[in-house]
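Here the structure is laid out as structure tokens; the discussion comes afterwards.
The values are calculated or read from the model by the stated rules, or taken from the named source; none is laboratory data. Quantities reported herein were computed from a predicted structural model and do not represent experimental measurements. In this analysis, Cβ positions are derived from the backbone assuming ideal geometry, glycine residues included, and neighbour counts consider all displayed protein chains. For accessibility, only protein heavy atoms count, side chains too; no ligands or nucleic acids. Shrake-Rupley method; radii C 1.70, N 1.55, O 1.52, S 1.80 Å.
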There are 2 protein chains.
Amino acid sequence: MSKSSTPRRRRGSARPTLTQVAEAAGVSSITVSRALNTPERVNPETRRHILATVERLGYVPNLVAGSLASASTRFIAVIVPSLANAVFIEVIQGLQETFEDAGYQILLGNTDYDLDREAQLVRTFLGWSCSALVTAGLRHSSACRSLLQQWDHPIMEMMELGEALDLNVGLDHTAAGRCMTHHLLSRGYRQIVYVGARMAEDYRAGMRYAGHREVLEDAELAAPLLDLARLGSLELGALALDQVLATHPRADAIHFANDDLATGALLHAQRLGIGVPKDIAIAGFNGLPLGQQVTPRLTTIRSPRQRMGQLAAEQLLARLAGEPVTLRQDVGFTLLPGDSS
Amino acid sequence: MSKSSTPRRRRGSARPTLTQVAEAAGVSSITVSRALNTPERVNPETRRHILATVERLGYVPNLVAGSLASASTRFIAVIVPSLANAVFIEVIQGLQETFEDAGYQILLGNTDYDLDREAQLVRTFLGWSCSALVTAGLRHSSACRSLLQQWDHPIMEMMELGEALDLNVGLDHTAAGRCMTHHLLSRGYRQIVYVGARMAEDYRAGMRYAGHREVLEDAELAAPLLDLARLGSLELGALALDQVLATHPRADAIHFANDDLATGALLHAQRLGIGVPKDIAIAGFNGLPLGQQVTPRLTTIRSPRQRMGQLAAEQLLARLAGEPVTLRQDVGFTLLPGDSS
DNA sequence: AAAAAGGATGTTAGCGCTAACATGACAGCG
DNA sequence: CGCTGTCATGTTAGCGCTAACATCCTTTTT
């Protein structure tokens, strides 16, 4: 009949809690909390004693509990469309370095170029009360967009420039496309095929194509397009070269959507004994180290990827610190004329 | 004099809570919780009504609170030494795919080959009550080791095989080193230089060197070593070739610690007009696509990286589901004899 | 010497959710 | 017709921590 003999216990983990540390140290729990989080607000002697007790008990703070109480997780959500692309890896590296030094933890999400998946990831990340969110690109599903609009934390949209929700760091892909095609025209090429991969999803490649086409139309030239159904890679670049040779025998240049494809084609041309740029010129985009090591050196456009990640992180940290920030930042690009064009 | 007129409010965020959804739907909060987490335990009609209310209010569950209450986060901590190396990226991809499908979120940590940083990351990740932890390698600082030993969740140590704390998926790097050097000997090379990068930290490259040296010592040959001070890359491989040619003019083969270095050297040889393998043979390790696209095709050893990540994730999921698992799993490796040796 | 200011520590009340137990309604059954 | 079982829902009590306010004591100021 006893009601309260066993007062309903939860399965507490074996790990010591703040309160236990406080008891062992003979202080109140808030003092332990302060000793760990704002040490300057605790008497040095008390602090030493508390830290020794923490050490002795092997106390590891429960960050979940702390986050709930303080309504803040030092998480930064980072959403990218792919991990298979070196570009995003370098951006992540730039973000990670800067954020880790500032004591933030990155939550990585991969959409695989699917906007619904992005919305799903955003939901999850909002649920974790992230301090800020970084995402690649300005295009989102409407569900995703409305979630983000209601959110009251900094948002950074990266890679491209335009109408952003909040902060924006990137470059002008249409201009990059124009730039490369101007270059190819100046070298005398006239039959230029543009080759992309999954361009409906990798729409930034599509923007570069738009710039490319614009320039060719101004010159009253055709702008044939080959859009491959798989994700860009070296192997796919080789395949693309075969396909272009078969379908556009008179092509004198190929403008690839990225360096992976371009380098794949270049190496394949080497295997086939096709002269680059004598028989056909090849150009890429990104400025990956690989393209600069092959012979002939790849003509490409360098995008400051790691810098973009760093800058994004710095802007967000400034915003989180309440400092004023530039909303839109153009990181630009550089034409790297190689020997493949 | 009124004490309770303003009963001490916390800054609640504007977002609706479970309780508010429950009130709006006219049920208790636990019913809303169940409708979202274990829908089959709620009457279909009630559930529909609750989900509509959730939608209407734009409710996003606070996962931090849920995790505190349930003492579980569905986080998987993943610790790698570097993001600059394609190998770890592929492993992460393998992990991510499998875990994301199972509803887990990856917490990524980068040690930059620093064991103290690893220990620090482990502390943080334990603080987040991760469901499991994955780390690259079997070597840890003693602080890290003791933290992990006390931890009562699954731990996966990847990449190499040996005395593990818990689960272990990887391959035998010493054997891989032996395998490649056997191959080079069988092709007739006798003056083989081994080239690694930061081998004190990338000690798995050191293990491959150990296997390499073992084989050469059995054949009563010298095993000269060049250990570069920077992280492996294509550029560094080119530099390494120069250095080997200068310091070991009689070398007839170079056994590189990885494909990046090897391919960099191979492409550089091409620029210098040095014949591969006529003047000098080149071998790598990893089996990256790049090495298979260059001419001559790179002789290398393929490690099943993505598979390793997948397998690690599968083993951990099985363990988390309480199923029995194999503690140590050898994923093996395959010699890919190319035309560079 | 009283008032004001500041430093160190404590008390209290949650943060938003879920585990564990409790309740009530109804079906099946000998 | 009471017993047991099952389903749907509710009540209660935290999870482990920190924000906000309170207290006490020491210094500084005038």
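Number of residues in the range B:143-173 that are away from every other protein chain (no Cβ under 14 Å) and hydrophobic (A, V, I, L, M, F, W, C): the value is 10.
Assess whether A:ARG47 counts as being within 13 Å of DNA strand C (Cβ to nearest atom) and assigned to a helix (DSSP H, G or I). Yes; evaluated as a whole, the condition is true for this residue.
Filtering the range A:58-87 to residues that are touching a residue at least 12 places away in the same chain (Cβ under 8 Å), among the polar types (S, T, N, Q) and either within 15 Å of DNA strand D (Cβ to nearest atom) or not assigned by TED's automatic domain parsing to the domain that holds A:MET156 (or both) leaves A:ASN62, A:SER67, A:SER72, A:THR73. Is it the case that A:LEU226 is open to solvent by 20 Å² or more (accessible area, probe 1.4 Å), at pLDDT 95 or above and within 24 Å of A:SER303 (Cβ to Cβ)? Judged against the criteria, A:LEU226 is a match. Kindly indicate the residue of the range A:95-113 that is surrounded by fewer than 22 Cβ atoms within 10 Å (Cβ to Cβ) and touching a residue at least 60 places away in the same chain (Cβ under 8 Å) and also farthest from A:LEU290 (Cα to Cα) among those meeting that condition. Checking each candidate, the answer is A:ALA102.
Answer with yes or no whether B:GLU55 is more than 10 Å from DNA strand D (Cβ to nearest atom) and open to solvent by 60 Å² or more (accessible area, probe 1.4 Å). Working first, answer last.
Numbers: more than 10 Å from DNA strand D (Cβ to nearest atom): yes; open to solvent by 60 Å² or more (accessible area, probe 1.4 Å): yes.
Answer is yes for this residue.
Within the range B:266-309, the set of residues being within 14 Å of chain A (Cβ to nearest Cβ) and within 27 Å of B:VAL78 (Cα to Cα) comprises B:GLY287, B:LEU288, B:PRO289, B:LEU290, B:ARG305, B:GLN306, B:GLY309.
Among the conditions (1) open to solvent by 30 Å² or more (accessible area, probe 1.4 Å); (2) touching a Gly at 6+ places or on another chain (Cβ under 8 Å); (3) away from DNA strand D (no atom under 16 Å from the Cβ); (4) in a loop (DSSP other than H, G, I, E, B), the only one that B:GLU90 does not satisfy is (4).
Identify, from the list A:GLY58, A:GLY109, the residue that is within 11 Å of chain B (Cβ to nearest Cβ) and on the phi > 0 side of the Ramachandran plot. Working first, answer last.
Numbers: A:GLY109 fails: on the phi > 0 side of the Ramachandran plot.
Going through A:GLY58, A:GLY109 in turn, the sole match is A:GLY58.
Have a look at B:ARG117, B:ARG123 and point out the one that is within 30 Å of A:ALA69 (Cβ to Cβ), surrounded by fewer than 19 Cβ atoms within 10 Å (Cβ to Cβ) and within 16 Å of DNA strand D (Cβ to nearest atom). Answer to the selection: B:ARG123. Checking the structure you have, find out if any residue of the range A:149-157 is among the charged types (D, E, K, R), under 21 Å from A:GLY206 (Cα atoms) and open to solvent by less than 10 Å² (accessible area, probe 1.4 Å). Yes; the residues of the range A:149-157 include at least one that is among the charged types (D, E, K, R), under 21 Å from A:GLY206 (Cα atoms) and open to solvent by less than 10 Å² (accessible area, probe 1.4 Å). Taking the range B:165-187 as the range and being farther than 17 Å from B:LEU138 by Cβ, buried (at least 18 other Cβ atoms within 10 Å of the Cβ) and hydrophobic (A, V, I, L, M, F, W, C) as the test, the residues that pass are B:CYS179, B:MET180, B:LEU184. Against the conditions (1) more than 22 Å from A:ALA176 (Cβ to Cβ); (2) touching a Ser or Thr at 6+ places or on another chain (Cβ under 6 Å), A:GLY291 satisfies every one except (1).
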